[in-house]
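The values are calculated or read from the model by the stated rules, or taken from the named source; none is laboratory data. Treat the numbers as computed from the prediction; the structure is a model and nothing was measured. Note that each Cβ is placed from the backbone with ideal geometry, even for glycine, and that neighbours are counted across all protein chains shown.
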Amino acid sequence: MNTIIGSIDPVAFRLGPIELAWYGLIIVFGMFVAVWLSMKEAGKRGIEEDFIVDLAFWILPAGIIGARIYYVLFKLPTYLSNPIRMFYFWEGGLAIYGGLILGFITLYWYSEKRRVPVWLLVDILAPHVMLAQAIGRWGNFINQEAHGTEVSRQFLERLRLPEFIINQMNIRDVYYHPTFLYESVWNVIGFTILMIVRAKTKLMIRGEVFLSYLAWYGFGRFFIEGMRTDSLYIGGLRVSQLLSLALFIGSIALMIYRRVYVYPKPEYYTEGTEPEKVFEEKKQKYESKKK
């Protein structure tokens with residue numbers, strides 16, 4: 001991570017020896033927004049809002065842990081020299097793909113435990129997670145990380161960026177691509193599209209909001225990652241670019257497969273959205289018929 005010489009102090013508050021970093025506060029705020037919006041959407045779809053709160057207590061810590069483990073594994077020699085810094089996530093170093101992987105595993109486990117349809121659940125969460133990602137990227141802005149290659153000040157001015165962004169992109173007297181901003185804007189656009197399309201429920205079968213999220217994010221991240229100077233590598237290849245390409249191709253392929261080959265046709269987003277107890281009753285009836 002580069003030394004910060006911009007005009008924005010990365011520490012939001014100091015309470016004696018305790019420092020609260022903007023990075024952590026921004027991440028937490030993004031999570032809060034995602035949970036709150038998901039609670040409202042879940043209520044419309046027959047899932048109790050308390051279920052989303054309970055899920056958040058599992059999935060949010062899992063997401064942070066997964067994001068940190070993923071990042072540390074690809075920077076292991078650096079952290080082995082000072083192992084305690086592995087836990088300093090507020091300094092930066094959260095890889096979103098690690099958070100998504102462990103977060104999804106936790107979500108799948110919890111949805112199966114509570115017998116709530118996983119495809120419906122990820123459709124509820126996906127747009128709000130994308131918005132949280134857009135918010136979280138501003139933590140990278142404060143820390144002057146996740147930026148791109150060198151550019152001129154004139155280039156940034158031509159983008160009509162406000163002065164505080166241009167100044168913060170000045171690191172050691174060199175200006176850089178604000179790739180954090182590119183991804184944040186891309187995610188806001190994706191969030192808006194998903195919210196509009198999800199409202200047109202007869203266009204989307206269950207699971208397609210989530211798969212569209214993966215495709216949209218993967219497509220944009222592939223190109224944005226190619227501009228960054230702090231990518232994680234494996235065998236000389238950018239890990240996030242490989243994952244982004246796999247997500248884009250895989251999600252599109254799965255949407256086509258489910259439309260063409262899955263029978264009976266999967267439910268639309270709004271079909272079968274009863275309270276959790278009704279899901280339980282339906283499952284018991286189905287299991288009794290099989291016996």
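Do any residues in the range 17-37 that are farther than 24 Å from GLU48 by Cβ have Cβ atoms under 6 Å from those of residues that are aromatic (Phe, Trp, Tyr) and surrounded by 15 or more Cβ atoms within 10 Å (Cβ to Cβ), where the two are at least six apart or on different chains, and which pairs are they?
ALA21/TRP90; TYR23/TRP90; GLY24/TRP90; ILE26/TRP138
Could you grab the pairs with beta carbons closer than 8 Å, sequence gap of 6+ or different chains, first residue in the range 227-245 and free of Cβ contacts under 8 Å to residues at least 12 places away in the same chain, second one part of a helix (DSSP H, G or I)?
The qualifying pairs are SER231/GLU225; SER231/VAL239; SER231/SER240; SER231/GLN241.
Mind checking which pairs have a first residue in the range 169-186 that is more than 17 Å from ILE27 (Cα to Cα) and a second that is among the basic types (Lys, Arg) and surrounded by fewer than 20 Cβ atoms within 10 Å (Cβ to Cβ), Cβ under 7 Å, 6 or more apart or different chains?
From residues that are more than 17 Å from ILE27 (Cα to Cα), the pairs are TYR175/ARG153.
Failed condition for VAL53, given (1) assigned to a helix (DSSP H, G or I); (2) under 21 Å from the mean Cα position of the chain (by Cα); (3) surrounded by 16 or more Cβ atoms within 10 Å (Cβ to Cβ), with all others met?
Of the numbered conditions (1) assigned to a helix (DSSP H, G or I); (2) under 21 Å from the mean Cα position of the chain (by Cα); (3) surrounded by 16 or more Cβ atoms within 10 Å (Cβ to Cβ), the odd one out for VAL53 is (3).
So which of TYR70, TYR79 ends up being free of Cβ contacts under 8 Å to residues at least 24 places away in the same chain and among the hydroxyl-bearing types (Ser, Thr, Tyr)?
TYR79
For the range 82-97, how many residues are without any contact (Cβ under 8 Å) to a residue 60 or more places away in the chain and assigned to a helix (DSSP H, G or I)?
Residues meeting the conditions: 6.
Which of the following residues is in a helix (DSSP H, G or I), farther than 18 Å from PRO61 by Cβ and not β-branched (Val, Ile, Thr): TRP109, TRP119?
After applying the criteria, what remains is TRP119.
Looking only at the range 1-39, how many residues end up being in contact with a strand residue (DSSP E or B) (Cβ under 7 Å, 6 or more places away or on another chain) and either over 16 Å from LEU131 (Cα atoms) or at pLDDT below 85 (or both)?
11
Output the residues belonging to the range 223-244 that are of a type in the set (Gly, Ala, Ser), assigned to a loop (DSSP other than H, G, I, E, B) and either within 19 Å of the chain's Cα centre (by Cα) or crowded, with 22+ Cβ neighbours inside 10 Å (or both).
GLY226, SER231
For PHE141, indicate whether it is aromatic (Phe, Trp, Tyr) and over 30 Å from MET39 (Cβ atoms). Can you show your working first?
Details: aromatic (Phe, Trp, Tyr): yes; over 30 Å from MET39 (Cβ atoms): no.
So PHE141 does not fit the description; no.
Note down all Cβ pairs under 8 Å where the first residue falls in the range 248-265 and is assigned to a helix (DSSP H, G or I), the second is surrounded by 12 or more Cβ atoms within 10 Å (Cβ to Cβ) and among the aromatic types (Phe, Trp, Tyr), and they're at least six residues apart or on different chains.
Every condition considered, the pairs that remain are PHE248/PHE219; PHE248/PHE222.
Test ARG158 against the stated conditions and say whether it is over 22 Å from GLU267 (Cβ atoms) and free of Cβ contacts under 8 Å to residues at least 40 places away in the same chain.
Details: over 22 Å from GLU267 (Cβ atoms): yes; free of Cβ contacts under 8 Å to residues at least 40 places away in the same chain: yes.
Yes; evaluated as a whole, the condition is true for this residue.
Looking only at helices (runs of 4 or more DSSP H) that fall completely inside the range 124-222, which ones have 2 or more residues that are at pLDDT 95 or above and crowded, with 22+ Cβ neighbours inside 10 Å?
Hits in the range 124-222: 179-199.
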